[in-house]
Amino acid sequence: METQLLKMTDADVIFYPAYFTTAESDAYLDRLTANIAWEQQQLRLYGKTITVPRLTAWYGDPGMIYSYSGLTLHPHPWNDDLLVIRQRVEQVADVMFNSVLLNLYRDENDSVSWHSDDEPELGVNPVIASVSFGAVRRFQFKHKSLDERTNLELTHGSLLLMRGPTQHHWKHQLPKSKARFSPRLNLTFRVIAS
């Protein structure tokens, strides 16, 4: 299995560009797009209500409540596909995940802006396992205090592991694009501290 260790200061990031086969990835993209309880969230920022430019869903063990950007999410119960994907990801992450945030980027206009996955309930050095199905989109990293950036093409069926100090020192985003894109589904497995 091809593995890439990204050369980034103050980070521990590993990329598996074809962790799932094309057939598996096609099937998961179709089933999850159809069977997940997608929501279009709204945020309050600077006194304005903003519609999140993507669809999201939160799944996990009972009681795994997650808060970010002023939202508080209560988990839907795991479905069979999510349990199988979680088990596959845990094999290389060496972590038992208790939750997953799903994002559906419907086209080139859907995005997520610069942020770190550093909410208190994720612990000190969270392990984030990010699985991508669908269109290949550019994922960007930038260091919080150094003039250092890294771009990565997240391929259909890929797995990106972010560990150790990564969230302390880096932000990441999936920007909008001028090029046309078909849908992309992203699953970020996490551990909510109990």
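The values are calculated or read from the model by the stated rules, or taken from the named source; none is laboratory data. Since the model is a prediction, treat every value here as computed from it, not as a measurement. Because the Cβ atoms are built from the backbone with ideal geometry, glycine has one as well, and the counts that use them run over all protein chains shown. Remember, those area values only see protein heavy atoms, side chains included, never the ligands or the DNA or RNA. Shrake-Rupley method; radii C 1.70, N 1.55, O 1.52, S 1.80 Å.
Miscellaneous remarks
- Within region 156-194, being among the β-branched types (V, I, T), within 25 Å of E2 (Cβ to Cβ) and touching a helix residue (DSSP H, G or I) at 6+ places or on another chain (Cβ under 6 Å) holds for no residue.
- Qualifying position, being in contact with a helix residue (DSSP H, G or I) (Cβ under 9 Å, 6 or more places away or on another chain), outside any loop (DSSP other than H, G, I, E, B) and of a type in the set (G, A, S), among A27, A23: A27
- Hits in region 110-155 - residues which are touching a helix residue (DSSP H, G or I) at 6+ places or on another chain (Cβ under 7 Å), open to solvent by less than 60 Å² (accessible area, probe 1.4 Å), closer than 24 Å to E39 by Cβ and in a loop (DSSP other than H, G, I, E, B): S116, D117, P126
- Of the residues making up region 160-174, not a single one is under 21 Å from Y19 (Cβ atoms), part of a loop (DSSP other than H, G, I, E, B) and open to solvent by 40 Å² or more (accessible area, probe 1.4 Å).
- Near pairs, Cβ below 8 angstrom, 6+ apart or cross-chain, from region 49-60 (over 9 Å from D110 (Cβ atoms)) to any residue that is open to solvent by 30 Å² or more (accessible area, probe 1.4 Å) and among the charged types (D, E, K, R): I50/R44; T56/E39; A57/E39
- Tally of residues being touching an Asp or Glu at 6+ places or on another chain (Cβ under 7 Å), over 24 Å from R88 (Cα atoms) and open to solvent by 30 Å² or more (accessible area, probe 1.4 Å) across region 1-54: 2
- L104 being open to solvent by less than 50 Å² (accessible area, probe 1.4 Å) and either of a type in the set (A, V, I, L, M, F, W, C) or without any contact (Cβ under 8 Å) to a residue 12 or more places away in the chain (or both): yes
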